[in-house]
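Bear in mind that the values in this text are calculations on the coordinates, not laboratory data. This structure is a prediction, so every number in the text was calculated from the model and none was measured. For neighbour counting, all protein chains shown are included, and Cβ atoms are generated from backbone atoms with ideal geometry for every residue, glycine included.
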């Protein structure tokens, strides 16, 4: 079906002007009269323009119909007397509003960019509703149509290659080759030959002529990932390709012309590498003509549920495994986690959930300890796999004892903790030192604390030892010590220990919730929820 811009006729004059301006050979335009709906459109709607704006009687109905069709961008034309209500526009799903009299060229430009942005999402699979990702998508749309080199910067796992493929897909080279090269994965002695090719007999083992990746990408796009790992000698040859559009094969005498758009990516600071002499300054400036910064996942947490939803659909089909979903508490844990591996780490975790927990809802205890506890836990598997239950054991929702996985994982973690403690004690003992006469503070430097205590973590050692007193063993003395530490007593529950830890952290930082959350190594949203749960708002 032909891609179609749909314009309502609530205000006929701007509707007619926009119809003429939007029309292109590959883009149709249809006017929607008051008695018609989106179902009456002959083509495939890719943009909806509400000529009557927020006051249009059927604006809400059309916006709802647009949402049912997926991601259909909406533009609203507002009267000069109608103050833009951003909240109302957001509720209707309107992407941009324009005040009448409109600048037709501006409306068409914005509309076409929105169409290109949705094409980009569809082609690459990029998911993102946050402002940071919207800026990335907008940047891709802006630079896709030009021929300049692009430097894509972002942490490992953020999706730099997806962005590069998006630039290629929206460019005039989209029907030409796209070749991705991981520079760090190629041995230094073979990198130049792989990129630029070699002549027969150029070196031992070169039994025949071989074209390099730049030749294979001719008239298309080449994506150089981890460009910061490229040796200086190869950087020199790459600079010549960028400046002169020509190169020589290894062992060759003649220069070859090449027409290639170069996209490069790095998870390092090339500017710092330049200062350290590890990267050519002239090549850095040649690559950094246009730049895109991809935010890490921890800076766009609102995208996590949408990413999970997409990965669940993908892997459920790929592995033919039914997957009911993730319960709200487990989803909150996933949203609060810092995701050092970014989208790649999240993708791998979701795949393990779909494969190892088919047919059952994921609960917090099914999430790896390292994610549940902010990277402080350990796990052998990405997600706990169901184990065969003993004969006659009561079965939980997943067909196995509900407590078994938790118990086994806890025992495994305890064994690792004991091994860690033994190693540290052996290290301490190997120094030939005695523990006699050492203060609690000194001992704490050698043995990892198993109980959170702000006093032990933050207070310096006493300048002079306090004289021993019988009063130290009194209940009052114990209570005073407990005021700055968490002490486990028989009968205490995990909830009581957790409540005490939060109380101490808030007290230590004067009620500053952000600092308290950092000290506890949990997300701020989790801390806010726990404060409300335990009645600690005051």
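One table, with the values for the structure above:
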quantity	calculated
Along principal axes, Cα extents of the range 198-289, largest first, whole Å	40, 29, 20
Tensor-based shape of the range 47-104 (alpha-carbon gyration tensor, a/c under 1.5 rounded, otherwise prolate or oblate)	prolate
Convex hull projection area averaged over all views, the range 299-387, Cα basis, nm²	5.4 nm²
R0 of 56 Å, Cβ-Cβ distance residue 38-residue 246: FRET efficiency to nearest 0.05	0.60
Residue 492-residue 233 pseudo-label distance in nm [points 7 Å out on the Cα-to-Cβ vector]	6.4 nm
Shape category assigned to the range 106-226 from the gyration tensor of Cα positions, a/c cut at 1.5	prolate
Computed label-point distance, nm, for sites residue 121 and residue 327 using a 7 Å Cα→Cβ extension	3.1 nm
Neighbour-count order for 141, 258, fewest beta carbons within 10 angstrom listed first	258, 141
Cubic angstrom per residue, convex hull over Cα atoms of the range 3-103	89 Å³
Neighbour-count ranking [beta-carbon atoms within 10 angstrom, fewest first] of 161, 370	370, 161
Neighbour-count ranking [beta-carbon atoms within 10 angstrom, fewest first] of 515, 532, 160	532, 515, 160
